[in-house]
1. Calculate the radius of gyration of the Cα atoms of region 41-87 to one decimal place, then report Dmax, the largest Cα-Cα distance, as a whole number, both in Å.
2. With an 8 Å cut-off on Cα pairs and a minimum separation of 6 or more residues, tell me the relative contact order of region 7-216 in percent.
3. Which of rounded, prolate, oblate describes region 1-88, given a ≥ b ≥ c as roots of the alpha-carbon gyration tensor eigenvalues and a/c under 1.5 marking rounded, otherwise prolate only if a/b is larger than b/c?
4. Report the rotationally averaged projected area of region 140-221 based on its alpha-carbon convex hull, in square nanometres.
5. Could you work out which residue, out of 134, 62, 110, moves most in a Gaussian network model of the chain, that is, has the largest mean-square fluctuation with Cα springs under 10 Å?
6. Can you give the net charge of the other residues whose Cβ lies under 13 Å from the Cβ of residue 192, counting K and R as +1 and D and E as -1?
7. So what is the orientation-averaged projected area of region 48-149, using the convex hull of its C-alpha atoms, in nm²?
8. Go ahead and estimate [θ] at 222 nm for the chain from helices alone: -39,500 (n - 2.57) per DSSP H run with n ≥ 4, summed, over the residue count, rounded to 500.
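Please treat every number below as a calculation from the coordinates, not as lab data. Given the structure is predicted, the values throughout are model-derived calculations rather than measurements. Cβ sites come from the backbone with ideal geometry, for glycine too, and all protein chains shown count toward neighbours.
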Amino acid sequence: MVKMMKISTLAGGSFGYLRESFAGKWTKWILLVIATILLALPLLGYMLNVFRGEKPAPDVKNWGTLFIDGIKLLILFIIYAIPAIIIAIVAVAPIVMAALSGRGAAAVMNAIAGSLPWFVLLVIVAFVLHLVSNIGIVRFARTGRMGEAFNFGAIFETIGKIGWLHYILALIVLLVIIGIIEFICRLIPVIHLIVLILIMPFIILFEARYICLLYDSAGTA
C-alpha cells in the first residue's frame, strides 16, 4: 500500500520548489515571462522539464526544443479536450440558434433550460479528463512517448496507487489555490493582466511540480 502524501506537503513542496528554483535567479524568471508572451509554447515545453522530475528547475535554454515540446504538449491538451469540446458545442448550439431565430428572450431561456443537463455533463466530463490527462502527460514527459499519455491502464493503475479520493481532493485544493491567486490578481486595477503574465511562470511551475509530486507519491518509476 503506497503511503498517501499529505496535501499540505504537496503544496509546501511545490512552493519550496519555486523558492529553490528562482531565489536569486531572476534571469530565469524573466526568460520564462518572455516564453509566456511568445504564445506560451516555450513555457509549456519548459513545463515538461518539471514533469520529468528535474530538481531544481533547469535553466531556460534550447528554445527550439522548448517550442517543439510545447507544441507536443498543446496537441495532447487538444486531444484530451475533444470530448468536452463536443459536449460544449451540443450544449451551446440550441442557445445560439434560439438567439438567432428572433423568437425573443423566452425562446433563449427555454433553450438554456434544455441545455442545463449538457452543461452538468460538461463539468463532469471536463473534470474526469483533467484527472486522467494529468497523469498521462507526466507519463509522456517521463517516457518521451506520446502514446503513453493515453495508456489508460497504466494511468488508472497510478491513480489507484495514489488513492482516488486523495487524488481528487488534492486536485481540488490545487484548483482552489490557483483560483485564489488569479482572483487576487484580477482585483488589481488597470494592470491586472500584466501582473498575471508576470506571475504565470510561477503558477505553471507550481502546478506542474504539485502534479509531479502526486505522480511520484504512487511510487511509479
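1. Every Cα atom of region 41-87 included, Rg and Dmax give 12.6, 40 Å.
2. Working: 192 pairs, mean separation 62.4, N = 210.
Taking the mean separation of contacting Cα pairs over the length of region 7-216, I get 30 percent.
3. Numbers: a/c = 2.15, a/b = 1.09, b/c = 1.98.
Oblate, because a/c is 1.5 or more while a/b does not exceed b/c.
4. Details: hull surface 24.8 nm².
Reported value for the Cα convex hull: 6.2 nm².
5. 110
6. Working: positive: 186; negative: 182.
Every neighbour counted, the sum reads 0.
7. On the way: hull surface 34.7 nm².
Reported value for the Cα convex hull: 8.7 nm².
8. Numbers: 8 runs with 176 residues, N = 221.
Theoretical 222 nm ellipticity from helices: -28000 deg cm²/dmol.
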